[in-house]
Amino acid sequence: MALTPSNMLALGTKAPNFLLQDTVSGNHLSFDQLKSEKATVVMFICNHCPYVIHVNSELVRIAKEYKSKGVSFIAISSNDVENYPDDSPDKMRLVAKVLQYPFPYLYDKRQEVAKSYDAACTPDFYVFDGEDKLTYRGRLDDSRPGTDIPLTGKDLRKAIDHTLEGNLQEVDQYPSMGCNIKWKK
């Protein structure tokens with residue numbers, strides 16, 4: 001697994017719409033169906049990446065906290081499941097249930113959604129405002145596996161707070177770092 005940074009999609013970019021299957025419900029869901037009028041967080045994650053495993057508990061905490069403020073959360077896995085079977089939809093469903101994800105966990109089989117978001121790594125986070133414009137892309141916080149830095153979600157929390165307040169000049173943009181998305185050959 002190669003340590004890979006975010007590509008840092010241009011701020012102000014309109015959220016690309018998609019229609020993907022939710023691995024828990026089996027329903028096909030779109031960005032337009034899932035988005036919030038206040039703020040929407042799109043997360044590219046997967047099951048096997050140690051960087052995602054490291055932040056899973058904080059993702060659940062943040063989503064539960066901010067859902068009550070009207071923020072939507074969407075998780076997407078775009079990995080090649082032929083070569084990385086731990087990221088298959090059946091295993092995604094199991095992970096979502098065990099970890100009690102309070103958000104849909106969608107499977108990007110064709111990897112088109114990851115490409116449209118210019119996603120590069122897992123985890124990779126995108127925050128969109130109520131007009132579906134990108135206000136933040138990057139990391140959860142500065143904690144990484146094997147460090148003594150505690151998980152706080154401070155960077156993502158700050159980005160969501162400032163998006164909700166409409167005060168975007170104060171948001172620092174730090175690239176996420178994690179495993180590269182496993183692209184099909």
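Charges at C-beta only: +1 for Lys and Arg, -1 for Asp and Glu. How large is the resulting dipole of segment 3-180 about its Cα centre, in Debye rounded to 20?
300
How large is ³J(HN,Hα) for each residue in segment 27-33, as worked out from phi by the Karplus curve 6.51 cos²θ - 1.76 cosθ + 1.60 (θ = phi - 60°), to whole Hz, x for Gly and Pro?
6, 8, 10, 10, 4, 4, 6
Does segment 104-184 come out rounded, prolate or oblate by the C-alpha gyration tensor, with a ≥ b ≥ c the root eigenvalues, rounded set by a/c under 1.5 and, if not, prolate when a/b is larger than b/c and oblate if not?
oblate
How large is the Kirkwood hydrodynamic radius of segment 1-54, in angstrom, based on all distinct alpha carbon pairs?
Hydrodynamic radius (Kirkwood, Cα pairs) of segment 1-54 is 13.8 Å.
Please check which bits of segment 112-149 a label hung off residue 17 would reach, taking the label as a point 7 Å along Cα-to-C-beta and the cut-off as backbone N under 20 Å.
What the label zone holds, given the 20 Å backbone N cut-off, is 112-118, 127-135.
Could you state, as a whole-number percent, how many of the C-alpha pairs of the chain are farther apart than 19 Å?
Numbers: 9028 of 17020 pairs.
Pairs farther apart than 19 Å: 53 percent.
Would you calculate the volume per residue, in Å³, of the smallest convex hull containing every Cα atom of segment 63-164?
That works out to 122 Å³ per residue.
Pairs 69/91; 14/38; 14/154; 91/154; 115/185: which exceed 22 Å Cα-Cα?
69/91; 14/154; 91/154
Putting +1 on Lys and Arg Cβ atoms and -1 on Asp and Glu Cβ atoms, find which of 62, 39, 20 reaches farthest to the positive end of the dipole of the chain.
Value computed over the given set: 20.
Which residues does a label at residue 184 reach in segment 64-99, if reach means a backbone N under 17 Å from a point 7 Å past the Cα toward the Cβ?
Under cut-off, by backbone N: 77-90.
When only C-alpha pairs under 8 Å and at least 6 residues apart count, what is the relative contact order of the chain, in percent?
Once normalised by length, the contact order is 33 percent.
How big is the gap, in Å, between the Cα center of segment 61-124 and the Cα center of segment 141-183?
17
5 Å is the cut-off here: which amide hydrogens, built 1.01 Å from N in the peptide plane, fall below it relative to residue 136, excluding neighbours closer than 5 in sequence?
Those lying under 5 Å, H to H, from residue 136 are 127.
What is the extension gain from residue 133 to residue 28, computed as 0.36 nm multiplied by their sequence separation minus the C-alpha to C-alpha distance, in nm to one decimal?
35.5 nm
Roughly what % of DSSP beta bridges within the chain run antiparallel, to the nearest 5?
Taking every DSSP beta bridge within the chain, about 70 percent pair in antiparallel fashion.
What is the fewest-to-most order of 99, 106, 20 by other Cβ atoms lying within 10 Å of their Cβ?
In increasing order of surrounding Cβ atoms, one gets 99, 20, 106.
Enumerate the aspartates and glutamates that residue 67 could reach by cross-link, defined here as Cα to Cα under 16 Å, with residues fewer than 8 away along the same chain left out.
Once the sequence-local aspartates and glutamates are set aside, what remains near residue 67 is 37, 58, 129, 161, 165.
Values quoted throughout were computed directly from the atomic coordinates according to the rules given, and no laboratory measurement underlies them. As the structure is a computational prediction, the values presented were derived from the model and not from experiment. Here Cβ is always computed from backbone atoms with ideal geometry, including for glycine, and neighbour counts include all displayed protein chains.
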